[in-house]
Amino acid sequence: MSTDKQVITLNINGESIELLLDGGETLLETVREQLGMTGSKRGCNQGVCGACTMLVDGEPVRGCLALSSACSDRSITTIEGIADGLNLSPIQEAMVEHGGLQCGFCTSGMVLTLSAFLAENPKPTREQVRHALSGNLCRCTGYTKIVHAAMHVAEAYSA
Amino acid sequence: MSMPNTAVGHDVPRIDGREKATGAAAFIDDMSLPGMLYGAMVFSDYAHARILSYDTSEALKLPGVKAVITGDDFDAVLGGVFLKDEPPIAMGKVRYLGEPVAAVAATDLKTARLAAQLINIEYEALPNVLSVDEALDPKSTLIHEDLSDYFRLKPSSFEGNILWKASISEGDVDQVWSDCDVIVEGEFQTQAQHHLYMEPCGALAKPEQNGGITIWSSCQSVFIVQQKVADYLQMPMAKVRSLVPHVGGGFGGKGGLHIQTLVAKLAMTCSRPVKMTLTRTEDFEIVRSRHPIRIRMKTGAKNDGTLIAREIDMVLDGGAYADESPAVLNWAVFVARGPYNIPNVRSNGQLVYTNKLRAGPYRGFGNPQVTLAGETQIDEIAQKLDMDGFKLRQLNAVKTNDAWIGGQNIDACGFDACMTGMLEATAGAEAEAAAASTSNKRRGIGYSALTHMCGIQSTSAEVHLRADGSVALVTGVVDIGQGSNTILSQIVADSLAIPVERVSFAAPDTDSSPYNWKTAASRTTYMSGRSVLGAAVNVREQLFTHAGEMLECAEHDLELREGGFVGVKGVADAQLSFAQIAGRAMACVGGPIAGTDTLVFDGPTLDPKRAIVDGFAFTNVGIYTFGMQAVEVEVDTDTGEVKVLRVWSAHDVGRAINPAMVDGQVHGGVVQGLGLALTEEMVWGENGNLINPTLMDYKIPGILDVPDFIQSIIIEAAEPTGPYGAKGMAENSLVGIPAAVSNAIANACGVRLRSLPFTSERVLRALDAAGK
Ligand code: FES
Ligand code: FES
C-alpha cells in the first residue's frame, strides 16, 4: 500500500472537501475515518456485502473497493446525503414504514442501491428490484420487505 | 378503548427506523472518543499447542504502540456459564487455530496491526483433535487436562474429551420396539454455521479515574458483559459499566463475550480509550458457531400411525471451549422427541471438545439439527405406512394440557391450528408442483412441524411518569435488530392508552437499567413484555389513586381515556390529564410516579417420577411454542441444484403484538434456515485452519438465492401468562427449514439426504446412488 500522500478534492453530498490522503485509501476509509461520516458501513471490507455502497456520479459503487484518489472529479453521494434534513427520501420512508430494515446495518447500502435503481427504473417489476439488490446482503429481513418497500415507492411514483 | 396504529396488535413502524434509514444510528465501529487508540490481536498459528514464550520487545519499540498484553498480564481466571474452562486470552496453551494470544493498542490501526505481526510467540505443537470420532477416542490427547477440576454449575458425567453428558428417558423404550409395526432408523450430520450478523463484533473501552472501566460493545446483554469482564479482570461490578450502541444483528453469536475483556485490559494498561473491531475474517475465526451434531435416531409406530417409541443418540461438537454448549446439548436432548405424544423415549447426548472454534448458542439452540432428524423420520414412517404426513402428525400431536416429556404442562398449544392453517395455505400446492415438474426439473413440497420454547431467567422494568404525561421506559433489554424497543414501547403505550410517541425508550446501561438477563431464547416479548406490562400497570394504579383523590370518587368509577387521561365513567368532562396528575405527584402528594416490576421464570420443573433425567443444565425452560413449515423446491436432476420456490411458515405466537414485525422475524428466520439447509458450512482443514473465513467462500443467501414468496401464517393461541397472551417466536422460523427442505427434496425426486448442507454435489451423489 502506498504511503504517498496527495491532496485530493472530493465532492461529497454536494460539498467540496479538500483532503490530504494516502494514495491507497478507499472511499469507505475516507468518509468514515477522515470525515467522520459513519453511515456507510463496513460489513466485510472485501466487496461482497454491499453495506458500504455509495453513489459515484449516480452509480452504486463499493466504498471498500473504490479508491478515493480515483474519485476526485466525481460526485459522491453517501447515505448522509439522501435525506433532506428531517425529511426522509421516499425509499427511506418506505424502508421504515414497510419493515425493510431490522438491525439496520445493511440499510445504508440498500437505500443507496435502491435510490440509484429507482431513479433509472421508476416502474420496475419485483423481479427487477430483486436483481438490483443482488449485490447487497441482509441477514435479518429475508429481503422480502425490502422489495415491498421499493415497490411501494415505485407505485407512489406511478400513481 | 382502541388506539389505532399505536396499540398492541398494530403494525407500528419500528421506533428507531428513521435513524437506521438515514445512517445516523451509531454501531460500535461508528463510535470514537478523544485520545482513542486502536487495538489489534495476535492469533494462534496452531490448533493445539503449548505456549513456551512471548517476545513483545520489537512490537513495543514501534513508535505509536502504547500497550501489549498477553496471557501473562491476566489473573488465571477461568470463565464460562455451566463449566468454567475458558481463560480471558490463551494462557499456557492454545486450543484452536486463531485463538487470541496477544493484543496491542496503538495510535492508529495500521501501527497496531504491524505491531501484532512483530510479536513472536514460541509454541510446542500438540496433537490436534479435530473430529468427533477422535474426540470420543479415549486415547486421544486431552484438550483440557484439568477438566475434572473445573467449576461445574450442575453435576454431569464427563470423561476424556467428553465434557458433558445429558439424557432424559420416559417410559421403557427397550421393551416396545417389538411392539412396533414400523421402525425407521438413520444417522444425520449437521454442520457448523456462522451467525453472520452483518455487523462484525467490536468493543470500545474507556478507563475511568476511579479505577473503573466503561465498555461499549456489540452485544446481546450489557449485564452479561459487565459480569464476565468484572470476573476476568477481578474487579467489582460497580467499577465495570457496560453499554451498547445499535447492534447489527446477533442471532446468539453476541450472547457471550467476544473481545470485550481484551479491549478493557488494553485500555486500563495504557490509561486511554481503546477500540477494536474485528475484520470479517477475524469474526469468522474467533467468535462462535452453530454446533455440528451427529444424530442417530430411531422411531417406531403402530400400523394405525401411533408413534410409540423414539431413541436418540447425539454427539455435539463443542469446539475448544464449553461456552453455552451444555445448555444447547440439554435443549437438543430435551426437544428431540418433537411435538408428539410418544410414550417411550430415550434421548442421550454427549458434548465433546475439539481443537476448533467454540460452538455456542445460535437461533434455534440445537433444535434445527434434531428437528431435521425427527421430521425426516415422521415423513419416512408416513411413507412406509402409506399414510398422509399431515395425518400422522395430527394423530400424534401434543395438545393443550398435554404433558411435555418430563411432565411440564402445555398451557396453550396452537400446534393443531398451525397445521390447519398450513393445510389451507398450501392447498393445491402439491398438485401444482407435480404438474410443473419435468423429467429433469423435479418439483416437490416438504413439511416440517416444530416446537420450541421461550422464557428462562429473569428480568425487570421501570416506567416513569414525566411532568407532561410522557413516560420513560427503562429496561435492560438490548434490541439487536429484532425490534424489542418497539414491541415493549407498544405494550406500555397500549396499557396507558397513550401514543407510542409519548414513550421514551432508555438505552441499556448497567449503571442505570434494571437487570435483564439477555436477548436470547426468544424471551424478550414474553419475559420483558410481562415485566414492562407489570410496571405500566403499576403506574396506572398510581394514576387512579391520585385521580380518585383529585376527583373525589372511587377508583372503580374511573377509566383510562385515550391520549393520556383518567376520567369518571359516564361523565365525559370529568377527567384529568396525566400531566395534571404528574404535577400533583411531583409537587404536592406522594412523589414522582414510577412503576416497577421484576420476575423470574419459575414454571414447573421436570418431574423425577415421570422421567429419568441426567446432566441437565436447566430444569425449567419456559413456555412451549409450535409451528408448521412448508417448502417447495425444484431439483435439477442434471446438476443437483436445489432451488427454493415457495415457503410457508405458520407459527403460534400467542398474540402478535406487532404482526408486521412477526412477519419480519418469520421471513428472516426462514432465509437463515435456507442458508443452513443449502449453502452455509464452515470448513476446517487438516491443521485445524478455517478454510473459508470470508463472505466470498462462505455463502449466505443473497436475494436471488431465496424465493420472493415467503408466506407467514400467524396463529394466536393466547398464552395465559404472556403479555396480552404473547409468546416468543423469533427462533422458530428457522427451526423446521432444513427438515422441510429435506422432505421437499425427497418429495421431488425420491432421494433422502441426511447431511447438511444439501449442496448440489450431495444431491447429485444421492441421485446417482439411487440410480435416478
Ligand atoms: S464492506 Fe464493502 S462490500 Fe462489504
Ligand atoms: S437489517 Fe440487519 S442485515 Fe439487513
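The values are calculated or read from the model by the stated rules, or taken from the named source; none is laboratory data. As the structure is a computational prediction, the values presented were derived from the model and not from experiment. Glycine also receives a Cβ, built like all others from the backbone with ideal geometry; neighbour counts cover every protein chain displayed. Side chains included, ligands, DNA and RNA excluded: accessible areas come from the protein's heavy atoms. Shrake-Rupley method; radii C 1.70, N 1.55, O 1.52, S 1.80 Å.
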Please work out the C-alpha center-to-center distance from segment A:66-128 to segment B:635-704 and express it in whole Å.
25
For the protein assembly as shown, build the charge dipole from Cβ charges (+1 Lys, Arg; -1 Asp, Glu) around the Cα centre, then report which of B:T637, B:P138, A:C106 sits farthest towards its positive end.
B:P138
Report the Cα centroid-to-centroid distance between segment B:282-310 and segment B:391-421 in angstrom, as an integer.
20
What is the dipole size for chain B, taken about its Cα centre, with +1 at each Lys and Arg Cβ and -1 at each Asp and Glu Cβ, in debye to the nearest 20?
700
Report, to the nearest whole %, how much of the accessible area of chain B belongs to carbon and sulfur atoms, 1.4 Å probe, protein only.
49
Please give the charge dipole size of segment A:20-118, origin at the Cα centre, charges +1 on K and R Cβ atoms and -1 on D and E Cβ atoms. Round to the nearest 20 debye.
260
So how long is each side of chain B along the principal axes, counting just the alpha-carbon atoms, biggest first, in Å?
83, 73, 52
Which lysines have a Cα lying under 17 Å from the Cα of B:K298, excluding residues fewer than 8 positions away in the same chain?
B:K384
Of all DSSP beta bridges in the protein assembly as shown, antiparallel share, percent nearest 5:
80
Tally the DSSP beta bridges in segment A:5-81 and give the antiparallel ones as a percent, rounded to 5.
90
Please report the base-10 log of the normalised intensity I(q)/I(0) for segment A:5-81, using a Debye sum with one equal scatterer per alpha carbon and no solvent, at each q in 0.12, 0.13, 0.18, 0.20 (1/Å).
-0.26, -0.31, -0.61, -0.76
Treating only the Cβ atoms of Lys and Arg (+1) and Asp and Glu (-1) as charged, compute the dipole magnitude of the protein assembly as shown about its Cα centre; round to the nearest 20 debye.
400
Which residues of segment B:13-31 end up with at least 10 Å² less accessible area in the presence of all protein chains than when their chain stands alone, using a 1.4 Å probe?
B:P13, B:R14, B:G17, B:R18, B:K20, B:A21, B:T22, B:G23, B:F27, B:D29, B:D30
So with the 1.4 Å probe, I'd like the accessible area per residue for chain B, rounded to whole Å².
33
Using 0.36 nm per residue, how much length does the chain from A:D84 to A:S16 gain when fully extended, once their Cα-Cα distance is taken away?
22.7 nm
Counting only DSSP beta bridges with both residues in chain B, what percent are antiparallel, rounded to the nearest 5?
80
For segment A:38-73, residues shielded by at least 10 square angstrom of accessible area compared with the chain on its own, probe 1.4 Å
A:T38, A:G39, A:K41, A:R42, A:G43, A:C44, A:Q46, A:V48, A:C49
Let me check the size of segment B:190-304 from its C-alpha atoms; what are the radius of gyration and Dmax in Å?
18.6, 74
Filter A:K41/B:K206; B:K154/B:K206; B:K302/B:K609; B:K93/B:K165 down to the pairs with a C-alpha to C-alpha distance above 29 Å, please.
B:K154/B:K206
Got a sec? Charge dipole of segment A:90-158, +1 on Cβ for Lys and Arg, -1 for Asp and Glu; which of A:N121, A:P90, A:H131 is way out at the positive end?
A:H131
Computed over segment A:5-81, protein heavy atoms only, probe 1.4 angstrom, the accessible area per residue in square angstrom equals 40
Translational D (Stokes-Einstein, µm²/s) of segment B:675-772 at 20 °C and 1.002 mPa s when Rh comes from the Kirkwood sum over C-alpha pairs?
129
The Rg/Rh figure for segment B:526-652, Cα atoms and Kirkwood Rh, to two decimals is 1.30
Cβ-derived FRET efficiency at R0 41 Å, B:F709 paired with B:C553, nearest 0.05
0.15
Hey, if you drop one equal point scatterer on each alpha-carbon of segment A:90-158 and run the Debye formula without solvent, what base-10 log of I(q)/I(0) do you get at q = 0.12, 0.13, 0.20 Å⁻¹?
-0.23, -0.28, -0.68
In nm, to one decimal, how far is the modelled label at B:D697 from the one at B:Q209, with both set 7 Å along Cα→Cβ?
5.0
State whether segment B:442-588 is rounded, prolate or oblate according to the following rule on the C-alpha gyration tensor (a ≥ b ≥ c being the square roots of its eigenvalues): a/c under 1.5 gives rounded; otherwise a/b larger than b/c gives prolate, and the remaining case gives oblate.
prolate
Residues of segment B:59-102 with amide nitrogen under 17 Å from the 7 Å Cα-to-Cβ point of B:K239?
B:73-77
Starting from the Cα gyration tensor of the protein assembly as shown, multiply each eigenvalue by 5, take the square root, and state the resulting semi-axes largest first in whole Å.
39, 37, 31
Modelled label-to-label distance, B:A76 and A:Y157, 7 Å Cα→beta-carbon offset: nm?
6.7
Considering only protein heavy atoms and a 1.4 Å probe, what is the carbon-and-sulfur percentage of the accessible area of segment A:5-81?
44
Cα centroids of segment B:581-620 and segment B:173-222: how far apart, whole angstrom?
25
Given labels modelled 7 Å from the Cα in the Cβ direction, how far is it in nm from B:R113 to B:S32?
1.6
Derived scalar couplings ³J(HN,Hα) [segment B:590-606; Karplus, 6.51 cos²θ - 1.76 cosθ + 1.60; whole Hz; x for Gly, Pro]
x, x, x, 8, 9, x, 10, 7, 9, 7, 10, 6, 10, x, x, 9, 5
